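The values are calculated or read from the model by the stated rules, or taken from the named source; none is laboratory data. Remember, it's a predicted structure, so these values are computed and weren't measured experimentally. Virtual Cβ from ideal backbone geometry, glycine too; neighbours counted across all protein chains shown. The area values use the complete protein model at the heavy-atom level, side chains included, leaving out ligands, DNA and RNA. Shrake-Rupley method; radii C 1.70, N 1.55, O 1.52, S 1.80 Å.
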Amino acid sequence: MATGTMIKLLTVVEAARELGISRSKVYELLADGELPSVRIGRTRRIAVTALEEFVAAHTDRAPTRASA
């Protein structure tokens, strides 16, 4: 990380809102290790970049048609 660069961290509620899923589903993804997080005391924070990578990894790609 470059000096002076801040990583934007979201709460579980904020991450759920961004993904359009429930708070409990975010906790499930965290527990399963599918969504990385940072523990600060008793709270969890999720980096915006982690959300972006999660979405990219779970985005369905349109199947390509084979040439006949």
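Looking at (1) open to solvent by 80 Å² or more (accessible area, probe 1.4 Å); (2) in contact with a Lys or Arg (Cβ under 9 Å, 6 or more places away or on another chain), which is the only condition R42 fails?
Of everything listed in (1) open to solvent by 80 Å² or more (accessible area, probe 1.4 Å); (2) in contact with a Lys or Arg (Cβ under 9 Å, 6 or more places away or on another chain), R42 misses just condition (2).
Does R65 meet the test of being open to solvent by 100 Å² or more (accessible area, probe 1.4 Å) and not in a helix (DSSP H, G or I)?
Numbers: open to solvent by 100 Å² or more (accessible area, probe 1.4 Å): yes; not in a helix (DSSP H, G or I): yes.
So R65 fits the description; yes.
Return the residues of region 8-24 that are farther than 14 Å from V55 by Cα and in contact with a helix residue (DSSP H, G or I) (Cβ under 7 Å, 6 or more places away or on another chain); say none if nothing qualifies.
We begin by selecting, within region 8-24, every residue farther than 14 Å from V55 by Cα; these are 8-14, 22-24.
Selection gives K8, L10, V12, V13, S22, R23.
Out of region 9-21, which residues are surrounded by 11 or more Cβ atoms within 10 Å (Cβ to Cβ), out of contact with any Lys or Arg (no Cβ under 7 Å at 6 or more places or on another chain) and not aliphatic (A, V, I, L, M)?
Hits for region 9-21 are E14, R17, E18.
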